[in-house]
1. Here are the criteria: (1) at pLDDT 95 or above; (2) more than 16 Å from ligand 2 (Cβ to nearest atom). Tell me which single one residue 51 does not satisfy.
2. Out of the residues in segment 27-47 that are among the aliphatic types (A, V, I, L, M) and over 18 Å from the mean Cα position of the chain (by Cα), which is nearest to ligand 1 (Cβ to nearest atom)?
3. Tell me, please, whether a residue that is more than 16 Å from ligand 2 (Cβ to nearest atom) and open to solvent by less than 10 Å² (accessible area, probe 1.4 Å) can be found in segment 191-201.
4. Pull up segment 1-37, narrow it to residues that are within 16 Å of ligand 2 (Cβ to nearest atom) and in contact with a Phe, Trp or Tyr (Cβ under 8 Å, 6 or more places away or on another chain), then point me to the one that is farthest from residue 136 (Cα to Cα).
5. Please work out which one of (1) surrounded by fewer than 18 Cβ atoms within 10 Å (Cβ to Cβ); (2) modelled with pLDDT of 95 or more; (3) not aromatic (Phe, Trp, Tyr); (4) not in a helix (DSSP H, G or I) is the condition residue 297 fails and give its number.
6. Specify the residue that is nearest to ligand 1 (Cβ to nearest atom); the eligible residues are those in segment 157-179 that are in a helix (DSSP H, G or I) and open to solvent by 10 Å² or more (accessible area, probe 1.4 Å).
7. What are the pairs with Cβ atoms under 9 angstrom where one residue, in segment 50-62, is touching a residue at least 12 places away in the same chain (Cβ under 8 Å) and the other, located anywhere, is aromatic (Phe, Trp, Tyr)? Sequence gap at least six, or different chains.
8. When the residues of segment 262-289 are narrowed to those that are surrounded by fewer than 17 Cβ atoms within 10 Å (Cβ to Cβ) and in a helix (DSSP H, G or I), which ends up modelled with the highest pLDDT?
Amino acid sequence: MNKIPNHNKSIDEQIQHAVATLKAGRLVAFPTETVYGLGADAHNSAAVKKVFAAKHRPATHPLIVHISSATQLDQWAKQIPNCARILSQHFWPGPLTLILPKQDTIPDLVTGGLTTVALRVPRHPLTLEMLRQFGGGIVGPSANTHGKLTPTCAEHVQTDLGDKVDYILDGGECEIGIESTIIYFKDDEPYLVRQGMITANEISRVIGTNVHKDSELPTKIRAPGSLERHYAPNKPLLLVTSDMQELINALTLPEPANSKAALLERYGNNIAVLSFLPQPANFSGYSWQHMPTAIDLYAKKLYACLHNADQPQVDVILVECPPKTEGWAAVIDRLTRASQDEI
Ligand code: TXA
Ligand code: MG
């Protein structure tokens, strides 16, 4: 059944309906500036269990708790390092998640048994208003089946989880399009757990100290976003790190002439391409999406383009790898996790 509201309801009525649904212990998918979240009342364990079940998410994988303001930080976390406070004041509402020691009142289910909790204030106006009216925290993993493509519009959620959510608050297309940057603290030092559109350099500038890589932590922290294969389409995705033009030339020749084209033949001919180059006249694959060269525009479109390419008729998705600079790091991170191989 379609869970996206028909828009006869006013925005106020839609928000009130979302709040009432959450208070009744049911699931609401909600928009954020990054991606859509699958929401439930963080203090209602039965509701939180439904989130794990709907996503097929292992119970040991902790959830982010969304709150309405940085002023609520102490209700959810303790032993908060000064640099975490500075970051919350600087970047919230916004695409930054902070992992901090949790308050005892948070159910263990939310944090997958960990003693820390991931917190974030999202920037989408509908969701911020929903959080204010709701009053409490709302758990919100991305609103997709575990390991699958992340949703960046209400229709993506409807297609993947429409039969499992009780309501989808439709806030249109997400402004940023990829998941938040996640920072963990150890001995008051910040560690980058997941890349997002707020870069490690921006964070360093705000707090005046370097952000460490999470690989520098003495013990690995548990975060499924850091699993090697994640955010993946159903169809195999190959990341093109070699010369795209050369590959196209090989593909569009009448007889596949070189080893790369031969490799692709293993997958089949119905190719969906995401490239910075325009579609060649003699391209005979399934689809060609001409990608923007501006990082923010690319990130915003990325998951929607992968959803478009991930069709039953498609044999393989080819994505031209963006330049390996710090600005592109979050995009390349998602593409690498989504890909089976490089070509
Ligand atoms: O942009 C986002 O962060 C979106 C929107 C909806 O807010 N949410 C999102 O949630 O991406 P999810 O569950 O798909 O990714 C959250 C990541 C997971 O990799 C999870 O393991 C990690 O955060 N995480 C959550 N709590 C944690 C904790 N206490 N310690 C370590 N990692 C944690
Ligand atoms: Mg996710």
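1. In the conditions (1) at pLDDT 95 or above; (2) more than 16 Å from ligand 2 (Cβ to nearest atom), residue 51 misses (2) alone.
2. Of everything passing the filter in segment 27-47, 42 is nearest to ligand 1 (Cβ to nearest atom).
3. no
4. 35
5. If we test residue 297 against (1) surrounded by fewer than 18 Cβ atoms within 10 Å (Cβ to Cβ); (2) modelled with pLDDT of 95 or more; (3) not aromatic (Phe, Trp, Tyr); (4) not in a helix (DSSP H, G or I), just (4) comes out false.
6. 160
7. So the pair list comes out as 58/52; 59/52; 61/52.
8. 265
The values are calculated or read from the model by the stated rules, or taken from the named source; none is laboratory data. Please read these numbers as outputs of a predicted model, since none were measured by experiment. All Cβ positions, glycine included, derive from the backbone under ideal geometry; neighbour counts span all protein chains shown. Only protein heavy atoms, including side chains, enter the accessible area calculation; ligands, DNA and RNA are left aside. Shrake-Rupley method; radii C 1.70, N 1.55, O 1.52, S 1.80 Å.
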